[in-house]
Amino acid sequence: MSTDRAHRPSAVHPTDDLARAIDDLPLVDHHVHGAIDHDLTCRQFEELITESDRPIPSWMTQFDSQVGFAILRHCAPLLDLAPHTDPETYLARRAELGATEVNRRLLEASGIGHFLIETGYRGDEILDPAGMAQASGSPADEVVRLEAVAEQVVAAGTDAAGFADRFAAALWERSRTARGLKTIVAYRHGLDFDPRPPTPTEVADAAGRWLRAVESTGRIRVDDPVLLRHLIWTGIDRGLPLQFHIGYGDPDVDLRRGDPLLLRGLIERAEPSGVPLLLLHCYPFHRNAGFLAQVYPNVYFDVGLGVNYTGARSVAVVAESLELAPFAKILFSSDAWGPAELHHLGAVLWRRAMTRVLGGFVADGEWSQAQAVCVATMIGVENARRVYRLGEGT
Amino acid sequence: MSTDRAHRPSAVHPTDDLARAIDDLPLVDHHVHGAIDHDLTCRQFEELITESDRPIPSWMTQFDSQVGFAILRHCAPLLDLAPHTDPETYLARRAELGATEVNRRLLEASGIGHFLIETGYRGDEILDPAGMAQASGSPADEVVRLEAVAEQVVAAGTDAAGFADRFAAALWERSRTARGLKTIVAYRHGLDFDPRPPTPTEVADAAGRWLRAVESTGRIRVDDPVLLRHLIWTGIDRGLPLQFHIGYGDPDVDLRRGDPLLLRGLIERAEPSGVPLLLLHCYPFHRNAGFLAQVYPNVYFDVGLGVNYTGARSVAVVAESLELAPFAKILFSSDAWGPAELHHLGAVLWRRAMTRVLGGFVADGEWSQAQAVCVATMIGVENARRVYRLGEGT
Amino acid sequence: MSTDRAHRPSAVHPTDDLARAIDDLPLVDHHVHGAIDHDLTCRQFEELITESDRPIPSWMTQFDSQVGFAILRHCAPLLDLAPHTDPETYLARRAELGATEVNRRLLEASGIGHFLIETGYRGDEILDPAGMAQASGSPADEVVRLEAVAEQVVAAGTDAAGFADRFAAALWERSRTARGLKTIVAYRHGLDFDPRPPTPTEVADAAGRWLRAVESTGRIRVDDPVLLRHLIWTGIDRGLPLQFHIGYGDPDVDLRRGDPLLLRGLIERAEPSGVPLLLLHCYPFHRNAGFLAQVYPNVYFDVGLGVNYTGARSVAVVAESLELAPFAKILFSSDAWGPAELHHLGAVLWRRAMTRVLGGFVADGEWSQAQAVCVATMIGVENARRVYRLGEGT
């Protein structure tokens, strides 16, 4: 729907007006990763359109899924193919055009006006913020992952007693121009952690345990809850908006421990700091996130990743996100990583879902057309610009 | 939709017939609080249309929410304004008319036929049952909050050993003409309490702890789980229908501990008493409540508060409440407190949601029109009249 | 909709084509029980169309429910009555025709092409697989319940030390021609069990405790978590697809402990075995099941029982099941037990729901018609044929 907006005849039907207004929004994708800028084999591509990290069984294809069907529907036309083409044709055409051209087409057509790029996950395999800005033609700022900074501090060498100071210094340095921070405590431990800041002694002790584990295993991975809490509280002290992975993700996550209601204690303790806490994805707990966003001024949320992976059903997921939360507390993200199809779909599916859901409210006589445009603009653009201060220098 | 029912031309379309039948139901609002009978500032009004108890941030208004949009849509016409007016115009007109006239218009237009008023929360700031009956022109009976009675017993003076007897006596006296009881154990502790009745010794010990805490803090608030269990079991002995706050509410509630499935042990222990247990609101756990209402004869539920606060999305919430539960086990409530807009919306949104959901079943050929009217009448009127014995004297 | 398929004129509207294609699918009902082949009193019939095991209160009828309305809508025409007839007329006509004729009509009209019959629950009161094949005209294979086999081993006589060997031998013998196994650990303990296989000593000790309990109570019922874990791991060793009761069921289930996310540890430990794990019903946790089915290759699920009991709302439940899971990981079942109305409804409601949901995706331009037919065929037929190897000998 965003492929030929320049040549679209002016709409006369009110719903068309709403669709066009939403289609034209210069979205802020407030949580996204870089696109892959090299060609992918069919197998590699399939492995990148699922949150599973397991080999794909021989008796199935990942294209037989909501996200797969959505790619064939919405991305194929941008590669000059008919919608609903078959996977083989799609991947052959993709290879023919090459990654650079595919990325250019998909990113530009997404209509994203600003990317906030989280660089902490396999950042060397994907475009960095500068690369994304170049490939898309839109500005791209950085969101820094707390756990990645901590692991870099250990990789660079520290002793246990010095860890806290070195981490704080590294975080300040790494986030000098960043727009936000991110934590994956949901993956590394679960959201059921003690919400209190640990004491300096506890941190030093935990750092010592970690350094000894690194020494014996050769692997640098922070998963000690004391350290994870310390990273979060240092992040809150840093004062930038803080993103939390919540809910659905890869099988590393124990989804039972990914319910945002588990963050209640931390939310209340962090409230005086004024730091915005942004709950990402949240599926299937997005209604719980909406509750938190209503009752706590410092809580925001999105349904990012859940939109791409529910495809034709993303209308329902977006609708469910529009219940308890004030509209000033909801944001848009794609959480795309790798294939630019995911960046494109994040925007296309959100625009279509918002058009259908808000258009339904208008058609039912519950909302005015002007209210619908206003809310879409808040969620798609304005809330993120306000929270991340995108109009201001860093 | 309920503003001009007297002058509506007779409908010919089946869906219009269903809408009219639902519109004409003299609803029993089985859990509601009084309306505020004095004028409100803009700030006060905004603070009363959210479950948040925090100051409203300067960068947002509570009108930018589902409940806010629903007020501007459905209440503005009753104040002689166009639907979807702006908040400033709405509040100015509200001030111009004055609280008494606003209450009269909104309450009458709600078409509520009977109010069951829970008086235990800041009851001195709102109309009491007699005041509500006068303002609305419909009968209003009382539902007594167990925790409020216990706190009144302590305020009046008791020793620990005498607490249980005094509470029982006070409850019997306070509920002489009441139609039901209510507990907010979800707020004061969580639903994850030991379902057994505590022993007299346990109660006396807990009362002693409470009295000492009252003495040292000057604050009278019952939150000891032993005492809360004792209030509940004394309430079950009293024999009136017993309401439970469940799920969504203000930030005092730890929503993780508000899942009605946590009440399984109590439900089974209370089953021989024959006392109806009424699970209120239940959002986002209303499907769990529907399960309990199917398998346990003594369990009923509603989606009260969740209807008002999801506004245009209340259609989905009501639809989800019509799954597992037999239709004899579902009730209507608004849980309104304060602005009469909330009393009005509770009725309007429920009527619209039921019309759309049941009308959809009829249009799809799944239900007959007669079945739809019958079910709406059961849920809106008859079930509450049977459970609370509204046709009988107290 | 499936009653007169032979005489239906060829459709021209695309949605009619989809409806017809789905209507014609020879469904594999991969988890179902036998039909009752004797006449039922009105009271007996009502008690069989709810998961409640309590007496029906005098002030209600189980026909006033989604499943009740669905019976009157979809089964009445097969008994030569108008749709939406009243319960009395329906039950009188049912009695007039007799159970054999009613079963023949309802089972044949269901269009089920293959039944996988779980025989472990009150199997002597219902038709066995051979009886079901005869009554329906379709092949019927068996699924063996682990707990029933263990209880038969104890009933036949064993000592504690010999239990493990005897159970393994009995399971191999009982499942010689079976297509799958089933566990009801959700009912007997909850899904929150230690996922590790118990040691032989632990099993022998637990068997000893069980035998002593049988001796003292005279009741043979396995509910010890060590033994239940042992049954499950022996089942995994057996190598047949293993079904788990999940979520909604009768009040024996503590629904809090029926969330499939609790199985994460077992799923990961069982992954190397290659044994398919099939999560049954899952309501209201079906989105959690969809997550597991996406990220773990060995996990499949259905929304069986939840479809029948949500009736007109089963469209929503089926829609919610079509989100995260790859389409190769979703199956169809009815979980019917007793009245053949439940077998029939399972198929009819699923066909109608799939037609509406997938037809909606096609109408919205999100899916092609061909994709919709393909996915319905996978879920209704092909996935089960592949998982249970229905084309191959046992």
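The values are calculated or read from the model by the stated rules, or taken from the named source; none is laboratory data. Here the structure is a predicted model, which means the values were calculated and not measured. Glycine gets a Cβ as well: all are built from the backbone with ideal geometry, and neighbour counts include every protein chain shown. To get the accessible areas, we keep the full protein, side chains included, count just its heavy atoms, and leave off ligands, DNA and RNA. Shrake-Rupley method; radii C 1.70, N 1.55, O 1.52, S 1.80 Å.
Of the residues C:Pro57, C:His31, C:Leu72, the one whose Cα sits farthest towards the positive end of the charge dipole of the stretch C:15-87 is C:Pro57 (charges of +1 on Lys and Arg Cβ, -1 on Asp and Glu Cβ, taken about the Cα centre). Given Cα pairs under 8 Å that are at least 6 residues apart, what percent is the relative contact order of the stretch C:123-273? Computed over the stretch C:123-273, the figure is 28 percent. When only the Cβ of Lys, Arg, Asp and Glu is charged (+1, +1, -1, -1), the dipole of chain A relative to its Cα centre reaches about 560 debye.
Accessible area lost on pairing A with B, both sides, 1.4 Å probe, Å² to nearest 100? Approximately 3200 Å² gets buried when A meets B. Pair-distance distribution P(r) for the stretch B:1-146, from all Cα-Cα distances in 10 Å bins starting at 0: 10, 33, 38, 16, 3 percent.
Values of log10 I(q)/I(0) for the stretch C:218-343 across q = 0.09 Å⁻¹ run -0.26, by the Debye formula with one identical scatterer at each alpha carbon and no solvent.
What's the magnitude of the charge dipole for the stretch B:285-394 around its Cα centre, counting Lys and Arg as +1 and Asp and Glu as -1 at the beta-carbon? Answer in Debye, nearest 20. If you can, show how the numbers build up before the last one.
Working: 9 positive and 9 negative charges, 19 e Å.
Charge dipole, the stretch B:285-394, about its Cα centre: 100 debye, nearest 20.
Assuming a ≥ b ≥ c are the square roots of the Cα gyration tensor eigenvalues, decide whether the stretch C:29-102 counts as rounded (a/c under 1.5), prolate (otherwise, with a/b larger than b/c) or oblate. Verdict is rounded for the stretch C:29-102.
Here the stretch A:54-159 has 50 percent of its accessible surface on carbon and sulfur atoms, given a 1.4 Å probe and all protein chains in place. Placing one equal scatterer on every Cα of the protein assembly as shown and applying the Debye formula, the log10 ratio I(q)/I(0) at q = 0.09 Å⁻¹ is -1.22. Starting from one equal scatterer on each C-alpha and no solvent at all, send me the Debye-based log10 I(q)/I(0) for the stretch C:309-366 at q = 0.27 Å⁻¹, two decimals. Per q value, in the given order, log10 I(q)/I(0) is -1.18. Contact residues in the stretch A:41-68 (at least 50 Å² less accessible area with all protein chains than alone, 1.4 Å probe): A:Arg54, A:Trp59, A:Asp64, A:Gln66.
Using the Stokes-Einstein relation with a Kirkwood hydrodynamic radius computed over Cα pairs, the translational diffusion coefficient of the stretch B:67-180 at 37 °C and a viscosity of 0.692 mPa s comes to 197 µm²/s.
Projected over every direction and averaged, the convex hull enclosing the alpha-carbon atoms of the stretch A:143-187 yields 3.3 nm². Taken along the Cα-to-beta-carbon direction at a fixed 7 Å, the label points for A:Arg176 and A:Arg20 span 4.7 nm.
Of the accessible area of the stretch A:201-350, computed with a 1.4 Å probe over protein heavy atoms only, carbon and sulfur atoms account for 45 percent. Inter-label distance, A:Ala156 to B:Arg389: 7.6 nm, where each label sits 7 Å from its Cα along the C-beta direction. A Förster radius of 30 Å, combined with the Cβ-Cβ distance separating C:Asp254 from C:Gln134, puts the computed FRET efficiency at roughly 0.20. Placing a label point 7 Å from the Cα of C:Leu48 along the Cα-to-Cβ direction, the distances to the matching points in the other copies come to 5.6, 5.6 nm, shortest first. Interface residues of the stretch B:344-367, defined as those with an accessible-area decrease of at least 30 Å² between the chain by itself and the complete set of protein chains (probe 1.4 Å), are B:Arg356, B:Phe361, B:Asp364, B:Gly365, B:Glu366, B:Trp367. Once divided by 2.2 N^0.38 Å, the Cα radius of gyration of the stretch A:261-317 becomes 1.22. When the other protein chains are added to the chain by itself, burial of at least 40 square angstrom of heavy-atom accessible area (probe 1.4 Å, ligands and nucleic acids ignored) affects these residues of the stretch B:295-323: B:Val295, B:Pro297, B:Ala312, B:Arg313, B:Glu320, B:Glu323.
When the Cα positions of C:Ala21, A:Leu211, A:Leu280 are compared along the charge dipole of the protein assembly as shown, A:Leu211 comes out farthest toward the positive end, with charges on each C-beta of Lys, Arg, Asp and Glu. When C:Arg166, A:Arg256, B:Arg351 are compared by accessible area of protein heavy atoms, the largest-first order is C:Arg166, A:Arg256, B:Arg351, using a 1.4 Å probe. For the stretch B:220-269, the Cα gyration tensor yields ellipsoid semi-axes of 19, 15, 11 Å (square root of five times each eigenvalue, largest first, whole Å). As a length-normalised measure over Cα pairs under 8 Å and 6 or more apart, the relative contact order of chain A settles at 21 percent.
A viscosity of 0.692 mPa s and a temperature of 37 °C, combined with the Kirkwood radius over Cα pairs in Stokes-Einstein, give a translational diffusion coefficient for chain B of 152 µm²/s.
Return one whole number: the accessible area per residue of the stretch B:213-254 in Å², for a 1.4 Å probe. Let's see the in-between values first.
Details: 1460 Å² over 42 residues.
Ligands and nucleic acids excluded, the result is 35 Å² per residue.
Across all Cα pairs in the stretch B:288-394, the calculated P(r) in 10 Å bins from zero up to the longest distance comes to 15, 44, 34, 6, 0 percent per bin. May I ask you to derive the FRET efficiency for C:Tyr121 and B:Thr199 from their Cβ-Cβ distance with R0 = 45 Å, giving the value to the nearest 0.05? Efficiency computed from Cβ-Cβ geometry: 0.65.
The stretch A:136-284: percent of C-alpha pairs farther apart than 18 Å? Intermediate results must be reported in sequence, preceding the final value.
Numbers: 6271 of 11026 pairs.
Every Cα pair in the stretch A:136-284 considered, those over 18 Å come to 57 percent.
Here's the picture: charge each Lys and Arg Cβ at +1 and each Asp and Glu Cβ at -1 in chain B, and of B:Thr355, B:Ala186, B:Gly393 the one pushed furthest to the positive end of that dipole is B:Gly393. When only Cα pairs below 8 angstrom with a gap of at least 6 residues are kept, the stretch A:283-351 shows a relative contact order of 36 percent. A point 7 Å from Cα along Cα→Cβ stands in for A:Asp364, and the other copies hold the same point at 1.5, 1.5 nm, listed in rising order. Put A:Ile56, A:Ile220 in order of accessible area, highest first, and with a 1.4 Å probe you get A:Ile220, A:Ile56. Sum -39500 (n - 2.57) across every DSSP H segment of at least 4 residues in chain B, then divide by the residue count to get the 222 nm mean residue ellipticity, nearest 500. One gets -14000 deg cm²/dmol as the mean residue ellipticity at 222 nm.
Suppose every K and R has +1 on its Cβ and every D and E has -1 on its Cβ; what is the size of the dipole of the protein assembly as shown about the Cα centre, in Debye to the nearest 20?
Numbers: 114 positive and 159 negative charges, 34 e Å.
Magnitude of the dipole: close to 160 debye.
When only alpha carbons of the stretch C:166-244 are considered, Rg and Dmax amount to 12.8, 36 Å.
Could you please put A:Glu268, B:Glu118, B:Glu151, B:Glu173 in sequence from largest to smallest accessible area, using a 1.4 Å probe?
Working: A:Glu268 70, B:Glu118 0, B:Glu151 30, B:Glu173 115 Å².
Heavy-atom accessible area, descending, gives B:Glu173, A:Glu268, B:Glu151, B:Glu118.
For chain C, hydrophobic long helices are taken as DSSP H runs at least 18 Å long by C-alpha position along their axis with mean Kyte-Doolittle hydropathy of -0.5 or more; these are C:200-217, C:225-238, C:340-363. Solvent-accessible surface of the stretch B:51-128, taken per residue with a 1.4 Å probe and all protein chains present: 38 Å².
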